[in-house]
Amino acid sequence: MTSSDYIVRDRGAVTLFGGGEVFAGDIEAALALAPTCVAADSGAAAAVAAGVELAAVIGDLDSAPAEVLAQIPAARCHRIAEQESTDFDKALTRIDAPFVLGVGFTGARLDHQLAAFNTLATHPHRSCILLGAHEIVLLAPPRITLPTAAGDVVSLMPLAPVTGHSQGLEWPIEGLNFAPGGRIGTSNRALGPVTLEIDGPDMLLILPRRLMAPLAARLLRPEHAPWPARA
């Protein structure tokens, strides 16, 4: 991917609609943080039904209903024909913005949800939060301080072998080797604000949904340093 491949550019956050479940309050919460909106293929249906103006629809356009696409200017519909990546991947990699908020990428089909998590790890340099019914999911950055309160559930799910350091967790992760098929970090608890340092771009971070806005603000700060792109 090069800069010429970008379809949408924004100095602020962008809301990206997917074809999964859109839960109560999702759209309002997302637009309050990220008013520029893009749809990944069939995600256009939820956006159009809610009266949301889309800056672009991106994907192979094989699942967005024709009657939905007919309501969007043709110049904003961008067909990416290759079948090696998902529509989420196609859309995320063509948005140039400091932060993307994904709505409609959890719930519904489990295979699509797992594929979305894989996309987060495939493109660790793109800061993105996926919004669920009760939780948010993101790829843990190299270092972050979370605005958690005592008792908040903080879950860590490795997608590859990875280690890290923590401050403020009931069960510290220092010296633990996380890996699929091995140790995972579900249902840890915060004692207050939590600081995490992760040694590689392979750890999903799952947090209470109410932390979406303050966490998004942290990701938008100029000093936030995401992972570099994978080689």
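The values are calculated or read from the model by the stated rules, or taken from the named source; none is laboratory data. What you are looking at is a predicted structure, and each value in this text was computed from that prediction instead of being measured. Glycine gets a Cβ as well: all are built from the backbone with ideal geometry, and neighbour counts include every protein chain shown. Keep in mind that these areas ignore ligands, DNA and RNA; they rest on the heavy atoms of the full protein, side chains included. Shrake-Rupley method; radii C 1.70, N 1.55, O 1.52, S 1.80 Å.
Computed quantities for the displayed model
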quantity: Residues of the stretch 143-174 satisfying the condition of being of a type outside the set (A, V, I, L, M, F, W, C), touching a residue at least 12 places away in the same chain (Cβ under 8 Å), open to solvent by 40 Å² or more (accessible area, probe 1.4 Å) and assigned to a loop (DSSP other than H, G, I, E, B); calculated: G151, P161, T163, E170
quantity: Selection count where residues are open to solvent by less than 70 Å² (accessible area, probe 1.4 Å) and either closer than 22 Å to A229 by Cα or part of a loop (DSSP other than H, G, I, E, B) (or both), scope the stretch 179-198; calculated: 4
quantity: Residue match in the stretch 63-71 (condition: crowded, with 22+ Cβ neighbours inside 10 Å and touching a residue at least 12 places away in the same chain (Cβ under 8 Å)); calculated: yes
quantity: Identity of the residue in the stretch 40-54, within 18 Å of the chain's Cα centre (by Cα) and assigned to a helix (DSSP H, G or I), that ends up surrounded by the most Cβ atoms within 10 Å (Cβ to Cβ); calculated: G43
quantity: Every residue from the stretch 75-85 that is free of Cβ contacts under 8 Å to residues at least 40 places away in the same chain, open to solvent by 40 Å² or more (accessible area, probe 1.4 Å) and either small (G, A, S) or within 20 Å of T15 (Cβ to Cβ) (or both); calculated: A75, R76, A81
quantity: So A32, is it in contact (Cβ under 8 Å) with a residue 24 or more places away in the chain, surrounded by fewer than 18 Cβ atoms within 10 Å (Cβ to Cβ) and farther than 30 Å from R230 by Cβ; calculated: yes
quantity: Members of the stretch 1-28 that are surrounded by 20 or more Cβ atoms within 10 Å (Cβ to Cβ) and of a type in the set (A, V, I, L, M); calculated: V8, A13, V14, L16, V22, I27
